[in-house]
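Below you'll find the structure, written out as structure tokens, and then a few comments.
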Amino acid sequence: MGNITGFMGVKARSNSIRVSAQKCRLVADLIRGLNVANALSVLEFSQKKSAKIVKKALESAIANAEHNNGLDMDDLFVREIYVDKGPSLKRFTARAKGRGNKIEKQTCHINITVGYN
């Protein structure tokens with residue numbers, strides 16, 4: 001399709017992912033601004049749990065670009081990626097003398113935009 005003036009990009013969003021936003025941002029920072037082929041290979045060989053989750057969201061954004069907009073994967077870049085904090089799951093664990101401690105299990109939302117550079 002070539003260079004399109006005013007083209008904002010194609011988005012994908014993953015909501016309420018069971019990993020903390022802080023941990024997921026470490027992986028998001030690795031691929032920001034990369035070509036999607038390079039970004040996929042970086043995520044493939046990353047040891048972090050959130051790398052697999054971010055890779056799945058990136059593949060969704062690529063599929064959206066190819067199917068919905070007819071864009072070519074070879075020309076796409078990760079234009080924007082950010083991770084927001086999601087709702088926390090509140091849990092309790094037993095403690096001594098009949099007490100309980102609160103545990104918050106963090107979630108996050110991943111937003112990816114791919115497009116031409």
If you check S46, S14, which single one turns out to be out of contact with any Phe, Trp or Tyr (no Cβ under 8 Å at 6 or more places or on another chain) and part of a loop (DSSP other than H, G, I, E, B)? S46
Kindly provide the set of residues from region 61-106 that are over 27 Å from G33 (Cα atoms), in a helix (DSSP H, G or I) and of a type in the set (A, V, I, L, M), ordered by number. A96
Check whether at least one residue in region 36-44 is of a type in the set (G, A, S) and either in contact with a Cys (Cβ under 7 Å, 6 or more places away or on another chain) or over 15 Å from T113 (Cα atoms) (or both), and report yes or no. yes
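How about region 88-117: which of its residues are among the polar types (S, T, N, Q) and in contact (Cβ under 8 Å) with a residue 24 or more places away in the chain? Spell out how you get there, then give the answer.
To start, the set of residues in region 88-117 that are among the polar types (S, T, N, Q) comprises 88, 93, 101, 106-107, 111, 113, 117.
Correct list: Q106, T107, N111, T113, N117.
Within region 80-104, which residues are closer than 12 Å to S20 by Cβ and surrounded by fewer than 12 Cβ atoms within 10 Å (Cβ to Cβ)?
Of the residues in region 80-104, the ones closer than 12 Å to S20 by Cβ are 83-86, 88-89, 104.
The answer is E104, and nothing else.
Just give me the residues in region 64-87 being free of Cβ contacts under 8 Å to residues at least 24 places away in the same chain and of a type outside the set (D, E), in sequence order.
In the first step, residues of region 64-87 are kept if they are free of Cβ contacts under 8 Å to residues at least 24 places away in the same chain; the result is 66-67.
Within region 64-87, H67 is the sole residue that qualifies.
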State whether one or more residues within region 60-72 are surrounded by fewer than 17 Cβ atoms within 10 Å (Cβ to Cβ) and touching a helix residue (DSSP H, G or I) at 6+ places or on another chain (Cβ under 9 Å). yes
Could you please find all residues in region 58-83 being touching an Asp or Glu at 6+ places or on another chain (Cβ under 9 Å), of a type in the set (A, V, I, L, M, F, W, C) and farther than 17 Å from N111 by Cβ? M73
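Is it the case that A51 is out of contact with any strand residue (DSSP E or B) (no Cβ under 9 Å at 6 or more places or on another chain), within 15 Å of D29 (Cα to Cα), hydrophobic (A, V, I, L, M, F, W, C) and surrounded by 12 or more Cβ atoms within 10 Å (Cβ to Cβ)? Give the steps one after another, and end with the answer.
Values: out of contact with any strand residue (DSSP E or B) (no Cβ under 9 Å at 6 or more places or on another chain): yes; within 15 Å of D29 (Cα to Cα): yes; hydrophobic (A, V, I, L, M, F, W, C): yes; surrounded by 12 or more Cβ atoms within 10 Å (Cβ to Cβ): yes.
Yes: the conditions hold for A51.
Only the coordinates and a few stated rules stand behind these numbers; no lab work does. Only a predicted model underlies this, so the values are computations on that prediction, with no experimental measurement involved. No Cβ is skipped: glycine too gets one built from the backbone with ideal geometry, and neighbour counts run over all protein chains shown.
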